[in-house]
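Participant: Below is a structure I'd like to ask you about.
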Amino acid sequence: MTSLVRVLLSRLLTSFIVLIGVSMLIFFIARVIPGDPARIALGPNASPEQVLVLREALRLDESIIVQYGYFIADLARGDLGISLYTNRPVTTDIAQFLPATLELVFVAGLMMIFIGLPLGILAARYRGRWIDHTVRLISLLGVSAPSFVWAVILMMTFAFILPVFPIAGRISDSYTIPVASGFLFIDTLLAGNLRAFANAGWHIILPAFALALSGIGQAARLTRANMVETYDKPYIEMARSYGFPEKRIANRYAFRPSLIPSLTIIGLDFAAMLGNAFLVEAVFAWPGLSRYGVAVILRKDLNAIVGTVLIISAAFLIVNIIVDVLIAIINPRIRHSQRPK
Amino acid sequence: MTALVLEIINLNLSFARHGEQTAVLHDVCLSIARGERVALVGESGSGKSVTARIVLGLLGELASARITGEIRFEGQDLGALSPAGRHALRGTKMSMIFQDPTSSLNPAYTIGAQFHEVLRRGAPKISAKAAKERAGAMLAGISMDQPDRVLGSYPFQLSGGMNQRVMIAMALANTPSLLIADEPGTALDVTVQAQTLKLMRELVEDNGTAVLFITHNIGVVREFADRVYVLYRGRIVEKGATHAVLTDARHPYTRALLAAVPRLTGGGIADIGEETDVFAAPMFDHGPGAEARP
Ligand SMILES: Nc1ncnc2c1ncn2[C@@H]1O[C@H](COP(=O)(O)OP(=O)(O)O)[C@@H](O)[C@H]1O
Ligand SMILES: [Mg+2]
């Protein structure tokens, strides 16, 4: 287990360094984009004096290094500053909008794992048969168009032409759920409202699927490719020679060694979905971080831009850490990495 | 009741390749009596492994393979069995040892977990605890120290020789009546190979297990086998008691084989001239039923 702790510690350290780097980069990039944030925030009718006061309050006239120093000092206290767009602390805004996005990405991630991997296993086990061809078609479709295009197609087909799923939003208006965590799946359960829970589930299927489609295809294709390679390994022939059931050979003997590369890709896709979610959210009017993100970028709302990017990067890094730890757990070579005795 | 464990009669095999049939085995006949150790020797590509795989029923599932002939196992015609019936024999009544022990064990599971799976073939309901005890006893029986530590290890944590013993212990765990060893331990150190073969010999003698020993190492044949079959390009070109064949080889190919490998522990066969016509000439009649006659 010590090597597991080692993996975790080293990933935490590198992630921390990456976050510092990201914070610098976005901090400087946001400031070199042309346009005066104070002027944009106050509008064209504000007097030059008002603009000057706000610039002072935002410390915009200090050198950029000093500004960054203030930013880091605030960040250490968990303060990302005030959004000029909403006039509220950026942390409050993020706490309001992030859960919807995380919920969407999380469900899409589950779809990738629980649809993509089994499809890959089936395609490898029955290679050359119809299920294999179907999986190839799905993965082709998945990569042939970006997820927001699939969002539009799925919405048109399954919400508009065939009204099976709701067309937009997180939950029907008829439900009023007291906000506790911001995560609807948690809040509806806390409220003891199972119908609202099911309704939220019904709403998330289409956008999550649109977001997950390319990942499902990739996970399936990669799992298939690795398993087909694994099927040629001597230990599979040995398993066959012992008459282990074919299903068990597929699900255990061939799948487990193939899981490691698949998991790596799923981790990357999972993180990429955080970015793709922006457009899918726009299509499905999903009240997530995307609307907020777009609005603050257009208004050059510096604190909000930096805060949003930082949070998304942190989520990205956390997902990668989880994947690395999972791989370490699955791969006995890492878990039992021998040390010189 | 016949005393023969395995009887292969006029086995032919061809593979469909690019719409053409490529013949690999030609009227192969071979028999093994209960508890007998029989070697099948021949150069690489002569058809040794496919013969073993056909006996186990592993090749029948291949769409490109066309197999004819009769295989009788403990007196029963395997061709008359259902796929499920053949499947039931694998890992229980017949088992196989492969060339490279370390890559033949699954890297993702411990030896103990894989041993449990093997024992489950013989006793489907065996508990993890009972499996561990039985596996430990089997490993101790093949002179392995600290069987518990081995069972908790992954294949990559053990040496090739240890994995080899694990494979032998697994192969004999369900007391099969036939063990097929396909060039076992060729990937191993020669002394390790010799040691494990000695242990294996003791075990199969104790259990009365018949062995089909596939090799191209004449030294090993001398040590291990009661009788020898020589396979050349898919044909049995010579057969007989080990001593007789090794001291008085009749067939030109066998002579070339013996001349090419004077070493006891040679890894393989050195180049043999392409005197195909002489080599391919049949030395004895192996018509239908020829093998069945004692
Ligand atoms: N699955 C297969 N498809 C086509 N040809 C095969 C297959 N398996 C074996 N062969 C061919 O059969 C011949 C005998 O192979 P094999 O039994 O593995 O030889 P060896 O005596 O070295 O064990 C070889 O020429 C090989 O190319
Ligand atoms: Mg071979």
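The values are calculated or read from the model by the stated rules, or taken from the named source; none is laboratory data. Remember, it's a predicted structure, so these values are computed and weren't measured experimentally. Here the Cβ positions follow ideal geometry from the backbone for every residue, glycine too, while neighbour counts run over all protein chains shown. Accessible surface areas use protein heavy atoms only, side chains included; no ligands, DNA or RNA. Shrake-Rupley method; radii C 1.70, N 1.55, O 1.52, S 1.80 Å.
Participant: Among the residues of the range B:9-24, is there at least one that is in a strand (DSSP E or B), within 15 Å of the chain's Cα centre (by Cα) and closer than 24 Å to B:P184 by Cβ?
Facilitator: The answer is no; no qualifying residue exists.
Participant: State which residue is farthest from B:E20 (Cα to Cα) when the search covers only the range B:87-98 and only residues that are within 9 Å of chain A (Cβ to nearest Cβ) and either open to solvent by 20 Å² or more (accessible area, probe 1.4 Å) or polar (S, T, N, Q) (or both).
Facilitator: Here the residue is B:T92.
Participant: Tell me which residues, restricted to the range B:181-219, are open to solvent by less than 10 Å² (accessible area, probe 1.4 Å) and more than 25 Å from B:G47 (Cβ to Cβ).
Facilitator: Answer for the range B:181-219, where residues must be open to solvent by less than 10 Å² (accessible area, probe 1.4 Å) and more than 25 Å from B:G47 (Cβ to Cβ): just B:T196.
Participant: Just one of the numbered conditions (1) within 14 Å of chain B (Cβ to nearest Cβ); (2) open to solvent by less than 10 Å² (accessible area, probe 1.4 Å) is not true of A:Y235; which one?
Facilitator: A:Y235 satisfies all of (1) within 14 Å of chain B (Cβ to nearest Cβ); (2) open to solvent by less than 10 Å² (accessible area, probe 1.4 Å) except (2).
Participant: Taking B:A173, is it at pLDDT 90 or above and small (G, A, S)?
Facilitator: So B:A173 fits the description; yes.
Participant: Taking A:F71 as meeting all but one of (1) within 19 Å of A:I297 (Cα to Cα); (2) modelled with pLDDT of 85 or more; (3) open to solvent by 70 Å² or more (accessible area, probe 1.4 Å), write down the number of the exception.
Facilitator: Among (1) within 19 Å of A:I297 (Cα to Cα); (2) modelled with pLDDT of 85 or more; (3) open to solvent by 70 Å² or more (accessible area, probe 1.4 Å), A:F71 violates only (3).
Participant: Right, A:L42: modelled with pLDDT of 85 or more and open to solvent by 50 Å² or more (accessible area, probe 1.4 Å) or not?
Facilitator: No.
Participant: In the range A:80-108, how many are in contact with a Pro (Cβ under 7 Å, 6 or more places away or on another chain) and of a type in the set (D, E, K, R)?
Facilitator: 0
Participant: Sticking with this one: Within the range A:210-228, identify whether any single residue is within 13 Å of chain B (Cβ to nearest Cβ), open to solvent by 10 Å² or more (accessible area, probe 1.4 Å) and more than 18 Å from the chain's Cα centre (by Cα), and answer yes or no.
Facilitator: Yes, the conditions are met somewhere in the range A:210-228.
Participant: Out of everything in the range B:33-50 that is within 8 Å of ligand 1 (Cβ to nearest atom) and more than 14 Å from chain A (Cβ to nearest Cβ), what residue ends up being most open to solvent (accessible area, probe 1.4 Å)?
Facilitator: Among those residues, the one meeting the criterion is B:S44.
Participant: Contact list please: Cβ distance under 6 Å, first residue in the range B:236-247 and among the acidic types (D, E), second residue open to solvent by less than 20 Å² (accessible area, probe 1.4 Å), pairs at least six apart or on different chains.
Facilitator: Filtered contacts from the range B:236-247: B:E238/B:V230; B:E238/B:H251; B:E238/B:T254.
Participant: Also: Among the residues of the range B:34-54, count how many are over 22 Å from B:F15 (Cα atoms), basic (K, R) and within 16 Å of ligand 2 (Cβ to nearest atom).
Facilitator: 0
Participant: Separate question: How many residues are more than 26 Å from A:L213 (Cα to Cα) and not hydroxyl-bearing (S, T, Y) when one looks only at the range A:146-181?
Facilitator: 5
Participant: How about the range B:55-77: which of its residues are within 12 Å of chain A (Cβ to nearest Cβ), free of Cβ contacts under 8 Å to residues at least 60 places away in the same chain and within 16 Å of ligand 2 (Cβ to nearest atom)?
Facilitator: B:L58, B:L59, B:L62
Participant: So which residues in the range B:1-28 are more than 13 Å from ligand 1 (Cβ to nearest atom) and out of contact with any strand residue (DSSP E or B) (no Cβ under 9 Å at 6 or more places or on another chain)?
Facilitator: B:M1, B:G19
Participant: Further question on the same structure: Suppose we keep only residues that are free of Cβ contacts under 8 Å to residues at least 40 places away in the same chain and of a type in the set (A, V, I, L, M) within the range A:238-267. Which one would you say is nearest to the other protein chains (Cβ to nearest Cβ)?
Facilitator: The residue in question is A:M238.
Participant: Are there any pairs, at least 6 apart or on different chains, whose C-beta atoms fall under 8 Å, with the first in the range A:286-304 and among the charged types (D, E, K, R) and the second surrounded by 24 or more Cβ atoms within 10 Å (Cβ to Cβ), and if so, which?
Facilitator: A:R291/A:E281; A:D301/A:S83
Participant: Wholly within the range A:91-189, which helices (runs of 4 or more DSSP H) include no fewer than the required count, namely at least 3 residues that are closer than 21 Å to A:F278 by Cα? Reasoning before the result, please.
Facilitator: Working: elements: A:117-125, A:130-144, A:147-155.
By residue number, A:130-144, A:147-155.
Participant: Hey, among the residues in the range B:60-73 that are more than 7 Å from ligand 1 (Cβ to nearest atom) and part of a loop (DSSP other than H, G, I, E, B), which one's surrounded by the most Cβ atoms within 10 Å (Cβ to Cβ)?
Facilitator: By that ranking, first place goes to B:G60.
Participant: Same structure again: Quick one: which of B:T102, B:T92 is of a type in the set (S, T, Y) and part of a loop (DSSP other than H, G, I, E, B)?
Facilitator: Exactly one of B:T102, B:T92 is of a type in the set (S, T, Y) and part of a loop (DSSP other than H, G, I, E, B), namely B:T92.
Participant: Would you point out which residue out of B:S49, B:S31 is in contact (Cβ under 8 Å) with a residue 12 or more places away in the chain and assigned to a helix (DSSP H, G or I)?
Facilitator: Details: B:S31 fails: assigned to a helix (DSSP H, G or I).
One residue alone meets the criteria, B:S49.
Participant: What are the residues in the range B:151-173 that are farther than 21 Å from A:N331 by Cα and among the aliphatic types (A, V, I, L, M), if any?
Facilitator: Once the filter is applied, which keeps residues that are farther than 21 Å from A:N331 by Cα and among the aliphatic types (A, V, I, L, M), the range B:151-173 yields B:M162, B:V166, B:M167, B:I168, B:A169, B:M170, B:A171, B:L172, B:A173.
Participant: Return only the number of the condition from (1) outside any strand (DSSP E or B); (2) more than 14 Å from ligand 1 (Cβ to nearest atom) that B:V55 does not satisfy.
Facilitator: Just one mismatch for B:V55, condition (2).
Participant: Here is a list of conditions, (1) open to solvent by less than 60 Å² (accessible area, probe 1.4 Å); (2) closer than 16 Å to A:A151 by Cα; (3) without any contact (Cβ under 8 Å) to a residue 40 or more places away in the chain, and A:I171 meets all of them except one; can you say which number that is?
Facilitator: Going through (1) open to solvent by less than 60 Å² (accessible area, probe 1.4 Å); (2) closer than 16 Å to A:A151 by Cα; (3) without any contact (Cβ under 8 Å) to a residue 40 or more places away in the chain one by one, A:I171 breaks only (2).
Participant: Here's a follow-up. Only one residue in B:A16, B:A3 is without any contact (Cβ under 8 Å) to a residue 40 or more places away in the chain, open to solvent by 40 Å² or more (accessible area, probe 1.4 Å) and away from ligand 2 (no atom under 16 Å from the Cβ), so which one is that?
Facilitator: B:A3 is the lone residue from the list that is without any contact (Cβ under 8 Å) to a residue 40 or more places away in the chain, open to solvent by 40 Å² or more (accessible area, probe 1.4 Å) and away from ligand 2 (no atom under 16 Å from the Cβ).
Participant: A further question on this structure: Check A:N331, A:N320 and return the single one that is under 13 Å from the mean Cα position of the chain (by Cα) and of a type outside the set (V, I, T).
Facilitator: On inspection, the qualifying residue turns out to be A:N320.
Participant: Pick out the one residue from A:V152, A:V143 that is under 21 Å from A:I266 (Cβ atoms) and in contact (Cβ under 8 Å) with a residue 60 or more places away in the chain.
Facilitator: A:V143
Participant: Residue check, A:R59 against (1) within 28 Å of the chain's Cα centre (by Cα); (2) not in a helix (DSSP H, G or I), all met but one. Which one?
Facilitator: For A:R59, the exception is condition (1).
Participant: Follow-up question, since we're still on this one. Of the residues that sit in the range A:254-296 and are of a type in the set (V, I, T) and either in the same structural domain as A:L317 (by TED's automatic domain parsing) or more than 15 Å from the chain's Cα centre (by Cα) (or both), which one is farthest from A:Y235 (Cα to Cα)?
Facilitator: A:V296
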